[in-house]
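First the structure, in the form of structure tokens, and then the observations on it.
The values are calculated or read from the model by the stated rules, or taken from the named source; none is laboratory data. This one's a predicted model, so the numbers in the text were calculated from it and none came from an experiment. With ideal geometry, Cβ positions are generated from the backbone for all residues, glycine too; neighbour counts draw on all protein chains shown.
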Amino acid sequence: MSDQEETSSEGLNVTLTLRLLMHGKEVGSIIGKKGETVKSMREESGARINISEGSCPERIVTITGPTEGIFKAFSLIAHKFEEDVTAAMANSPVTSKPPVTLRLVFPGSQCGSLIGKGGSKIKEIRETTGAQVQVAGDMLPDSTERAVTISGTPQAITQCVRHICAVMLESPPKGATIPYRPKSLGAGAHAMMAPQHPAQVSHVGVA
């Protein structure tokens, strides 16, 4: 009995790994100048933050650590994206600030638990946290994983990740998971692009 009480008062204190799908520009923002931003995020959160290699339009960002470290890392990432949105709006006539959006990747077998019976669980998470949560209907290419998109304020996103982690811990993935790996730009694409460069350079000169 005391063990259960301890667990509930401690909250979720286990080591978890969450995977995020990001575009190149977002990854650049997280890495920062000479890797300084990601280094400070690692130090502040205590979580490991690894970014997949390769010249892909999409990259996988893996966050591993105790749950509190993961929530802190998500909070830092969401706030960084909010800063980017604010900075982009400084030169824009748009007045309403778009929400911060993060895309997580989860085994498809766990997504049913996240949605809940008749969509009850996902509705509860939306209402409790104020974040928008959407689970992709299709698996990501060549994998058994699905994308889960979360958008809202940094606070709502962090709360939402807490709820999602609780669901994922209660419902471990079933069967083997084939992780999603973004496709890199093949050598063929580079080779095709190469001859265009001199023409582009001279064109810029003329302009």
Of the residues in region 109-131, how many are acidic (Asp, Glu) and either surrounded by 14 or more Cβ atoms within 10 Å (Cβ to Cβ) or closer than 16 Å to residue 151 by Cβ (or both)? 1
Reported set for region 149-163 where residues are in a strand (DSSP E or B) and either free of Cβ contacts under 8 Å to residues at least 12 places away in the same chain or of a type in the set (Gly, Ala, Ser) (or both) is 151, 152
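A quick yes/no check of all residues on (1) loosely packed, with under 14 Cβ neighbours inside 10 Å; (2) over 14 Å from the mean Cα position of the chain (by Cα); (3) modelled with pLDDT of 95 or more; (4) acidic (Asp, Glu):
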residue: 153; (1), (2), (3), (4): no, yes, yes, no
residue: 158; (1), (2), (3), (4): no, no, yes, no
residue: 169; (1), (2), (3), (4): yes, yes, no, no
residue: 184; (1), (2), (3), (4): no, yes, no, no
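Residue-by-condition table, conditions (1) touching a strand residue (DSSP E or B) at 6+ places or on another chain (Cβ under 8 Å); (2) of a type in the set (Gly, Ala, Ser):
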residue: 136; (1), (2): yes, yes
residue: 149; (1), (2): yes, no
residue: 160; (1), (2): yes, no
residue: 163; (1), (2): no, no
residue: 177; (1), (2): yes, no
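Yes or no, residue by residue, for (1) touching a residue at least 60 places away in the same chain (Cβ under 8 Å); (2) assigned to a loop (DSSP other than H, G, I, E, B); (3) more than 28 Å from residue 176 (Cα to Cα):
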position: 83; (1), (2), (3): no, no, yes
position: 97; (1), (2), (3): no, yes, yes
position: 103; (1), (2), (3): yes, no, no
position: 114; (1), (2), (3): no, no, no
position: 120; (1), (2), (3): no, no, no
Scanning for something surrounded by 18 or more Cβ atoms within 10 Å (Cβ to Cβ), farther than 13 Å from residue 17 by Cα and touching a residue at least 60 places away in the same chain (Cβ under 8 Å), does region 66-76 turn up at least one residue? yes
If residue 146 satisfies every condition in (1) of a type in the set (Lys, Arg); (2) surrounded by 18 or more Cβ atoms within 10 Å (Cβ to Cβ); (3) assigned to a helix (DSSP H, G or I) but one, which is the exception? (3)
Out of (1) of a type outside the set (D, E, K, R); (2) touching a Ser or Thr at 6+ places or on another chain (Cβ under 9 Å); (3) more than 19 Å from residue 21 (Cα to Cα), what's the single condition that is false for residue 46? (2)
Checked region 126-143 for anything part of a loop (DSSP other than H, G, I, E, B) and of a type in the set (Asp, Glu); matches are 138, 142
Filter region 34-63 for residues that are among the basic types (Lys, Arg) and assigned to a helix (DSSP H, G or I); which is surrounded by the most Cβ atoms within 10 Å (Cβ to Cβ)? 42
Is it the case that region 108-120 has a residue that's modelled with pLDDT of 95 or more and touching a Gly at 6+ places or on another chain (Cβ under 6 Å)? no
